[in-house]
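*Asks:* Sharing a structure, written as structure tokens. Questions coming.
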Amino acid sequence: MRIGLQVMSLMLLAAGTLPAEDVAPGPEGQTTPQKRTWSNRFLHPFSSSPRLPQYRDPRIRGLELQLQLSPQPLKLSETRQMEVKVLVTNRGKRAVELNFPTDQRIEIYLRNSAETVLTKWSDNHAVAEKPETVLINPDEHVEYVQPIATRELSPDKVFIVEVFFPNYPELRIRQKFLTE
């Protein structure tokens, strides 16, 4: 009985160091879902895993978006462009097919805190008619990395990066950041 209490107290101690939301900050400040540990499952048996977004379009169900910005913090005196990386992960049980009529996959908007669009990625890039299909299998991901100019930004203010897929408007993610 005494050994069982010691094991239980060790499990409680270990569980206290785990995040409650099953979300951990990753590199460069983005948040990514964590897998639940056995001790977390034991102590919180009725809590659910992180839920996937519920899209109206059944073709894109199971997809999860993550957004990473670099460099962070963004020092405007040293940086002319910011790198925007979007990871599209298929957390579903079936493959997801994304169809694109042009070679543009994503659109990036830089917004100020009043939601005004300052810069559009497509304004500085040529888009060609080139139909293509991307297939994302379960538990696989596709990564899109694009630079965007920071010339419209000013220091010590909060801005918003919004990334979306023009053909799939529900696939949208936003992140706030502070300039220096």
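None of the figures in this text is laboratory data; all of them are computed from the coordinates on show. Source: prediction; values computed, not measured. Counting neighbours? That spans all protein chains shown, and the Cβs are built from the backbone with ideal geometry, glycine included.
*Asks:* For L171, list long-range residues whose amide hydrogen, built 1.01 Å from N in the peptide plane, is under 5 Å from its own amide hydrogen.
*Replies:* For L171, whose amide H was placed from the backbone, the distant partners under 5 Å are F165.
*Asks:* Now for a separate question. Pick out, from Q54, V127, L74, the residue whose Cα sits farthest towards the positive end of the charge dipole of the stretch 37-169, with +1 on the Cβ of Lys and Arg and -1 on the Cβ of Asp and Glu.
*Replies:* Q54
*Asks:* Modelling each spin label as a point 7 Å along the Cα-to-Cβ direction, I'd like the E115/V158 distance in nm, to one decimal.
*Replies:* So the two model labels end up 1.5 nm from each other.
*Asks:* Using the Karplus equation 6.51 cos²θ - 1.76 cosθ + 1.60 (θ = phi - 60°), what ³J(HN,Hα) coupling, rounded to whole Hz, does each residue of the stretch 162-179 give in order, writing x for Gly and Pro?
*Replies:* 10, 10, 8, 9, x, 7, 10, x, 6, 7, 9, 9, 9, 8, 8, 8, 10, 8
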